[in-house]
1. Could you check the simple spin-label distance between residue 97 and residue 26, using points 7 Å along Cα→Cβ, in nm with one decimal?
2. Quote the relative contact order of the stretch 2-239 in percent (integer), defining contacts as alpha-carbon pairs under 8 Å separated by 6+ residues.
3. Considering only C-alpha atoms, what is the centroid distance from the stretch 18-76 to the stretch 86-143, in Å?
4. Before anything else, pin down the relative contact order of the stretch 1-74: Cα pairs under 8 Å, at least 6 apart, normalised by residue count, whole percent.
5. Which shape class, rounded, prolate or oblate, goes with the chain when its Cα gyration tensor gives a ≥ b ≥ c as root eigenvalues, a/c under 1.5 marks rounded, and past that a/b bigger than b/c marks prolate?
6. Of the listed peptides 61-67, 14-20, what is their order by residue-averaged count of other C-beta atoms within 10 Å, with the highest listed first?
7. Can you give the % of DSSP beta bridges in the stretch 2-239 that are antiparallel, to the nearest 5?
8. Per-residue ellipticity at 222 nm for the chain, helices alone: DSSP H runs ≥ 4 residues times -39500 (n - 2.57), over residue total, nearest 500 deg cm²/dmol?
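Quick note: the coordinates plus some simple rules give every number you see, no bench work behind them. Since we're looking at a predicted model, the values are computed, not measured. Neighbour counts are summed over all protein chains in view; Cβ atoms, including those assigned to glycine, are modelled from backbone coordinates with ideal geometry.
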């Protein structure tokens, strides 16, 4: 019953944020900070589903271009880990997102990038255009290297796309992680704390395309370790 009532209350607010974000983006279409503005609005909804977000991501981290890699847990990421989005960041999302009413149009106008994974030549062209945008507009790119939602299965193996982009753009990788939300329930009044935190950037200067898997492995180990640390901290906070 609580979950149903929450959806009735939160969904209209989600639509309102989509409308506000679209209006902002119409005034300044594809502006480098549109995604940041909209993501911060979405993250305010976390409290309404019983999640108390602690955000430890300084905004200055993306003053220079980086490839941000984040863990992808569920559809609720749009109102949780979105709190870790910083100015000058756009994300790369699957092409099918464009067909979601309101959200798809907002995603596009905000300056985010659609990629058609089923068409390799088109995907390659999109990545080439993306690299050019990063250089011209001083953009950082947000990607979920797992490629799909983990749904409580822990940090899944990484696909190589984000790491190839970082190497080609000659920019650092910036891991940002959200503590595990495995016990989250829309029907629970208090879902406790969740922490978003960045790790130190991983410099890519000493890597080349032949070492892309090594780079991904190092990133995976660091992110997994940080998630475990945050999970332990969240467990303590929830006991108080």
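1. Going from the residue 97 label point to the residue 26 one covers 2.2 nm.
2. For the stretch 2-239, the relative contact order is 25 percent.
3. Here the answer is 15 Å between Cα centres.
4. 27 percent.
5. It is oblate, given that a/c is not under 1.5 and a/b is not larger than b/c.
6. On the way: 61-67: 20.4, 14-20: 15.6.
So the order, starting with the most tightly packed, is 61-67, 14-20.
7. On the way: 4 of 22 bridges.
Bridges in the stretch 2-239 are about 20 percent antiparallel.
8. So the helix-based figure for the chain works out to -13500 deg cm²/dmol.
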